[in-house]
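The values are calculated or read from the model by the stated rules, or taken from the named source; none is laboratory data. None of the values given here were measured: they were computed from a predicted structure. Ideal geometry is used to build each Cβ from the backbone, glycine not excepted, and the neighbour counts take in all protein chains shown.
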Amino acid sequence: MFQALGSRLQDVFGSLRREVRLTPETVERTLREIRLALLEADVNFKVVKAFIDRVRDRATERAVLDSLTPSQQVVAIVRDELLQLFGESRAGLSAAADRPQVVLLVGLQGSGKTTTTAKLGRWLSGQGRHPLLVSTDVRRPAAIEQLAVLARDAGLRIHEGDSGDPVRRAAAAVSEARQLGFDVLLVDTAGRLHLDEEMMREIVAIRDAVKPSDLLFVADAMTGQDAVRSAGEFNHRLGVTGVVLTKLDGDARGGAALSVVSVVGVPVTFAATGERMEDLEPFRPDRLVSRLLGMGDVLSLVERAEQAIAQDDAASMATRIRSNGLTLDDLKQQMRAVGRMGPLNQVLGMIPGLGSRIPEGEVDASVMTRMVAIIDSMTAQERRTPAVMNGSRRRRVARGSGTTVQDVNRLLRQFAEMRKMLKTVGGRSRRKGKRRRMALPTMQ
């Protein structure tokens, strides 16, 4: 979603760094480009005006203009002010002492409340919590069944009461959670295509009955400023404690994320970055801003890698790399681990300096799928010892995987180059370790 805005900002700062000397005129020209980039990204115009004024006040100070690295200081100022747009961040849920901790999810129809409820339950399970889910949407056909299916796929428990009254269903779920020892209750509510008084009265009644510690407004980021206006109305009527932005992996311009805190006055607490159940994460504005400015997001990359790759597998892989025993099975295992980390363009965008160099639309995730298909079409011997792959074997593998002989040749060549590189790295590591052992004094 933020790729266009990030590329535009990075181009602006790239031209700024080429300036020999920073002048007030240069700053104004830079601010004009930043203003256009933010407005084109659908950021609220009042937010843009206040943002530009704050950056101008700080960037035109004499200490900045006369410094040895003025362009870097301007980038730092823009980064600080972008973070200010998000206010005091509060990723995740509040630290409530009540058990069960009740979380009420509200929003318009189609914003992704039901899916977000299941994703949030899965995220809480990964944090060692024990959530119970309940749907109070008794009007939309199959809404309760939809949550039940999602919960079952995520290995979560759902309240299965038969009451047709939303308030009674929510109250019964609180009692069940308390009796069975669940420490979190996630309440999915009904939505409408637009705001109406009947929906608001129903949600207010549910809120008063369950007394939630967190009241999260689920906003579809694809709707832009409409999501911001809806969040403002819900906050005015209900007292929203946080916003969950869904569909951040879409192709919308992303202005809602940069506007909602300033306009509505509540923090973004979670962000949904994909369709998979694991594609929900606490919203951390410092990491988003780093990605926007081309600084990458190494912390998020490491967290995704830790979730996707088991520690025992990583240790075993490291041992095989050092001994030059890497096989095509190992390569397949690593490609599948990368696939579990999320869409390839997201993963590459977290690497500092790399995301902005990849043209939009040129990250082809199907390449890894073809490579896995080629490896799966080989025999166990061929995967262990690629050197046995002669012409007839390569033709057989190409037919079996639905690819071409050129694709098979390319994979084998890349794997050979990778093994050669890892052998060199592993050899250096062993020599350094040997020199360190030789340097240690002998114990008498």
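What about Val244, is it modelled with pLDDT of 80 or more and within 26 Å of Gly6 (Cβ to Cβ)? Break it down stepwise before answering.
On the way: modelled with pLDDT of 80 or more: yes; within 26 Å of Gly6 (Cβ to Cβ): yes.
Yes, satisfied.
The C-beta contact set for the stretch 193-206 (first residue under 11 Å from Gln109 (Cα atoms), second residue assigned to a helix (DSSP H, G or I), distance under 9 angstrom, 6+ apart or interchain) comprises His194/Ser230; Leu195/Ser230; Leu195/Glu233; Leu195/Phe234; Leu195/Arg237.
Within the stretch 411-424, restricting attention to residues that are more than 32 Å from the chain's Cα centre (by Cα) and surrounded by 12 or more Cβ atoms within 10 Å (Cβ to Cβ), which residue is modelled with the highest pLDDT? For the stretch 411-424, the residue satisfying everything is Leu412. For the residues Ala41, Ala59, Ala4, Ala50, the requirement of being among the small types (Gly, Ala, Ser), surrounded by fewer than 17 Cβ atoms within 10 Å (Cβ to Cβ), closer than 20 Å to Ser290 by Cα and in contact (Cβ under 8 Å) with a residue 24 or more places away in the chain singles out Ala4. Restricting the search to strands (runs of 3 or more DSSP E) fully inside the stretch 110-224 and requiring at least 1 residues that are touching a Ser or Thr at 6+ places or on another chain (Cβ under 8 Å) and more than 30 Å from Val47 (Cβ to Cβ) gives 131-135, 184-188. Within the stretch 8-37, the set of residues being farther than 21 Å from Glu61 by Cα and surrounded by 17 or more Cβ atoms within 10 Å (Cβ to Cβ) comprises Arg8, Leu9, Gln10, Ala37. Which ones in the stretch 117-149 are under 20 Å from the mean Cα position of the chain (by Cα) and crowded, with 23+ Cβ neighbours inside 10 Å? Hits for the stretch 117-149 are Thr117, Ala118, Lys119, Leu120, Gly121. In summary, Gln109 fulfils each of the numbered conditions (1) in contact with a helix residue (DSSP H, G or I) (Cβ under 7 Å, 6 or more places away or on another chain); (2) modelled with pLDDT under 90 with the single exception of condition (1). Tell me the residue from Ala76, Ala97 that is more than 28 Å from Gly6 (Cβ to Cβ) and out of contact with any Phe, Trp or Tyr (no Cβ under 9 Å at 6 or more places or on another chain), please. Exactly one residue qualifies, and that residue is Ala97.
Please name all residue pairs, on different chains or six or more residues apart, with Cβ atoms under 6 Å, provided the first residue is in the stretch 129-157 and is closer than 17 Å to Gly107 by Cβ and the second residue is in a loop (DSSP other than H, G, I, E, B) and among the acidic types (Asp, Glu). Final answer for the pair search is Ala143/Asp137.
Quick check, is Gln225 modelled with pLDDT under 90 and on the phi < 0 side of the Ramachandran plot?
Working: modelled with pLDDT under 90: yes; on the phi < 0 side of the Ramachandran plot: yes.
So Gln225 passes the test.
When we screen Ala76, Ala63 for residues that are outside the structural domain of Ala205 (by TED's automatic domain parsing), modelled with pLDDT of 80 or more and over 23 Å from Ser213 (Cα atoms), the only hit is Ala76. Residues in the stretch 177-198 that are surrounded by fewer than 19 Cβ atoms within 10 Å (Cβ to Cβ) and farther than 18 Å from Ala97 by Cα: Arg192, Leu193, His194, Leu195, Asp196, Glu197, Glu198. If only residues of the stretch 180-197 that are over 25 Å from Thr273 (Cα atoms) and modelled with pLDDT of 85 or more are counted, the one that is farthest from the chain's Cα centre (by Cα) is Leu180.
So which residues in the stretch 363-388 are at pLDDT below 85 and of a type in the set (S, T, N, Q)? Steps first, please.
From the stretch 363-388, those at pLDDT below 85 are 363-369; that's our starting set.
Once the filter is applied, which keeps residues that are at pLDDT below 85 and of a type in the set (S, T, N, Q), the stretch 363-388 yields Ser366, Thr369.
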